[in-house]
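Student: Can you read through this structure? Questions will come right after.
The values are calculated or read from the model by the stated rules, or taken from the named source; none is laboratory data. Here the structure is a predicted model, which is why all the values come from computation and not from measurement. Cβ atoms come from the backbone with ideal geometry, glycine included; neighbour counts cover every protein chain shown.
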Amino acid sequence: MGRRHAPGATAERPEVLTDVLITGIHPSGAGIARLSDNSKSKDVPEILVPGALPGARGDLFWNPPKPGGHWGLAVEWRESAPSPDADPSRCPHAASLNGQPVCGGCPLGSLKYSAELALKTKLLIEEPLRQAGLWREGLIQPPSGQPEAFAQHFRNKAVLYPSVIDGIGRFGYYAARSQILVPAEDCPQTPVWMEEATRTLAPFLSEPALTPAPEAAVSNGTGVLRSLLLREAPGSGERMAVLVVRALTADLLAAKEKLIAALAPCKLQSLLINVHPTPGSAVLSFAPDALVVWAGRSSIEAELMDLAFTLGPQTFLQVNTPQTPVLYEKALDAADVQPGDQILDLYCGVGTITLAAARRAGPHGRALGVERVEASIICARENAARNSIPQAAFAAEPTETFLSAALKEGFPEGFKPTKIIVDPAYQGMAGGAAKALADLFSLPNGPKRLAYVSCNPKSFARDAKELAAAGLTLESISPVDLFPGAMHLELVAAFSCKKTLSAA
């Protein structure tokens, strides 16, 4: 490795390294380079290199860590030899170009898919389990992947950001750890009509009606369009477009009919405005008056696992249409849902898993979904009614509060769960919920099986350690890849309880 030192390196004057080998990958998806050091000291900084894959070589320009920090950051990567596992044909926007930033959405998008799955399984699932003392041979099942994902236009939702580059309006995604936009109207993960919508709207970005409003502009009260949210309902194929704007300006209102006419070939069932003046990373505003219907309906109709759902712009649904049923069926199988079972579904959202579990449990079974967001519970009850599943009920309450009350006072209306499914958010079962869940399994005639669906294996490993310490047996973990190309892997874990548990 060659090194040209620039004292006091900054973003304007970075340090230069030549013939650098990428030795690993960070959980963020950035490649890792380590400065050569004869002492092998742990104090030698490592460098995050966005867009670089393990085994690749090249030159990089980087800024050293801040005082007290460990990680340096490459501001430019010039590849001279690709990774032996590289497959740039998967996505042109993820493939490394000399000195050019790459799309930050899929840092592994130019890696062979078999290598991607192996890397994600080891780094994201196996390592946290080892750290928690839970890993054993055979615990992790082969991952359920999607080898042809980039050719399948699998995403049912995309959020693209606007910019004017060399005088031309473009939509795309930000490069990793930056506000540099990488144009990607033709993202291979999204349906073709989404590309058509972005190319239709791109010329308007040079006009006052849709002047881009990046974060700095929002903070300064300038610009109009913050992002473009596009959604396609699984099953029905209905389409929605949401213009997320800083303000409903006079220029935007004047261009309303022109914009509606321009988007007509996209055959939208819903065209909405979301007025979002607050700076920050939140994509949408949830203010009561934030949504304005410009054309069509305020929602679209979806079909998933033979169930009908209504989707608004703010409704959560997994973005991978073909893999979502795989994930949910694995959850039902992990819980071993049988006819007559009483299923408790914690963190149920709009009730997708609850309704699927209730239907599998049959007319003599029951399912109770618990979710802290009241708006989601309202949707869940509507979904139960529209799908004629009376054996599904819902409670609007935080999981930890619900479990605490159930342990003290019993479940509502004589409900006695035989199986439990949990699908918490990224932070896992926080606020004492894991402890309360373990206590529930310790009750006489308590539930016998638990399925844990996780989008964050680190928080899962923490919770699984607490559950295992209380006596539950972690039987298996099934990874499911819902985000090909991204440094992300869902999992479904199966726990059993075959004896009275000790207090956690």
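Student: Can you run down the residue pairs with Cβ atoms below 7 Å, 6 or more apart or on separate chains, where the first is in region 119-146 and crowded, with 17+ Cβ neighbours inside 10 Å and the partner is aromatic (Phe, Trp, Tyr) and part of a helix (DSSP H, G or I)?
Tutor: Qualifying pairs under 7 Å: Gly145/Tyr113.
Student: I would also like to ask the following. Within region 419-432, can you find the residues that are touching a Leu at 6+ places or on another chain (Cβ under 9 Å) and modelled with pLDDT of 95 or more?
Tutor: Listed by number, the residues that qualify are Lys419, Ile420, Ile421, Val422, Asp423, Pro424, Met429.
Student: If I ask for residues that are over 29 Å from Ala158 (Cα atoms), assigned to a strand (DSSP E or B) and among the aliphatic types (A, V, I, L, M), which ones from region 452-476 would you list?
Tutor: Once the filter is applied, which keeps residues that are over 29 Å from Ala158 (Cα atoms), assigned to a strand (DSSP E or B) and among the aliphatic types (A, V, I, L, M), region 452-476 yields only Leu474.
Student: So if I check each of Ala405, Ala470, Ala464, which one is crowded, with 17+ Cβ neighbours inside 10 Å and farther than 24 Å from Thr121 by Cα?
Tutor: Exactly one of Ala405, Ala470, Ala464 is crowded, with 17+ Cβ neighbours inside 10 Å and farther than 24 Å from Thr121 by Cα, namely Ala470.
Student: Any idea which of Leu489, Leu443 is more than 29 Å from Gly410 (Cβ to Cβ) and in contact (Cβ under 8 Å) with a residue 12 or more places away in the chain?
Tutor: Criteria check complete, one pass: Leu489.
Student: For region 217-242, give me each residue that is under 19 Å from Pro162 (Cβ atoms), surrounded by fewer than 23 Cβ atoms within 10 Å (Cβ to Cβ) and among the charged types (D, E, K, R).
Tutor: Once the filter is applied, which keeps residues that are under 19 Å from Pro162 (Cβ atoms), surrounded by fewer than 23 Cβ atoms within 10 Å (Cβ to Cβ) and among the charged types (D, E, K, R), region 217-242 yields nothing.
Student: I would also like to ask the following. Return the total of residues in region 386-402 being closer than 19 Å to Leu317 by Cβ and of a type in the set (A, V, I, L, M, F, W, C).
Tutor: Number satisfying all stated conditions: 3.
Student: Follow-up question, since we're still on this one. Would you confirm whether or not region 453-469 contains a residue that is touching a residue at least 12 places away in the same chain (Cβ under 8 Å) and closer than 20 Å to Ala361 by Cβ?
Tutor: Yes, region 453-469 has at least one match.
Student: A further question on this structure: Just for region 147-175: of the residues that are surrounded by 14 or more Cβ atoms within 10 Å (Cβ to Cβ) and among the small types (Gly, Ala, Ser), which one is farthest from the chain's Cα centre (by Cα)?
Tutor: Gly169
Student: How many residues are of a type outside the set (Ser, Thr, Tyr), more than 11 Å from Leu346 (Cβ to Cβ) and in contact with a Ser or Thr (Cβ under 9 Å, 6 or more places away or on another chain) when one looks only at region 426-438?
Tutor: Residues that pass the stated criteria total 5.
Student: Now for a separate question. Modelled with pLDDT under 85 and either under 27 Å from the mean Cα position of the chain (by Cα) or more than 17 Å from Gly485 (Cα to Cα) (or both): is that true of Asn98 in this structure?
Tutor: Yes.
Student: Mind listing whichever residues of region 26-75 are among the acidic types (Asp, Glu) and modelled with pLDDT under 85?
Tutor: Asp37, Asp43
Student: If you scan region 404-442, which residues turn out to be farther than 22 Å from Glu490 by Cα and of a type in the set (D, E, K, R)?
Tutor: Once the filter is applied, which keeps residues that are farther than 22 Å from Glu490 by Cα and of a type in the set (D, E, K, R), region 404-442 yields Lys408, Glu409, Glu413, Lys416, Lys435, Asp439.
Student: Right, another one. Looking at Pro279, Pro313, Pro288 in this structure, which one is at negative phi, modelled with pLDDT under 95 and buried (at least 18 other Cβ atoms within 10 Å of the Cβ)?
Tutor: Result: Pro313 is the single residue among Pro279, Pro313, Pro288 that is at negative phi, modelled with pLDDT under 95 and buried (at least 18 other Cβ atoms within 10 Å of the Cβ).
Student: Among the numbered conditions (1) free of Cβ contacts under 8 Å to residues at least 60 places away in the same chain; (2) under 24 Å from Ala308 (Cα atoms), tell me where Glu238 comes up short.
Tutor: So the condition that Glu238 fails would be (1).
Student: So is Gly58 touching a residue at least 24 places away in the same chain (Cβ under 8 Å) and either surrounded by fewer than 18 Cβ atoms within 10 Å (Cβ to Cβ) or not in a loop (DSSP other than H, G, I, E, B) (or both) or not?
Tutor: Answer is yes for this residue.
Student: If Phe309 passes every condition in (1) assigned by TED's automatic domain parsing to the domain that holds Tyr161; (2) farther than 15 Å from Leu201 by Cα but one, which one does it miss?
Tutor: Every condition holds for Phe309 apart from (1).
Student: How many residues, within region 293-309, are touching a strand residue (DSSP E or B) at 6+ places or on another chain (Cβ under 7 Å), in a loop (DSSP other than H, G, I, E, B) and at positive phi?
Tutor: 0
Student: Just to be sure before I move on: is Ala184 more than 18 Å from Ile260 (Cβ to Cβ), among the small types (Gly, Ala, Ser) and at pLDDT below 90 in the structure I sent?
Tutor: Against the criterion (more than 18 Å from Ile260 (Cβ to Cβ), among the small types (Gly, Ala, Ser) and at pLDDT below 90), Ala184 does not qualify.
Student: Restricting to region 459-504, and then to whatever is over 28 Å from the mean Cα position of the chain (by Cα) and of a type in the set (D, E, K, R), can you tell me which residue is modelled with the highest pLDDT?
Tutor: Lys498
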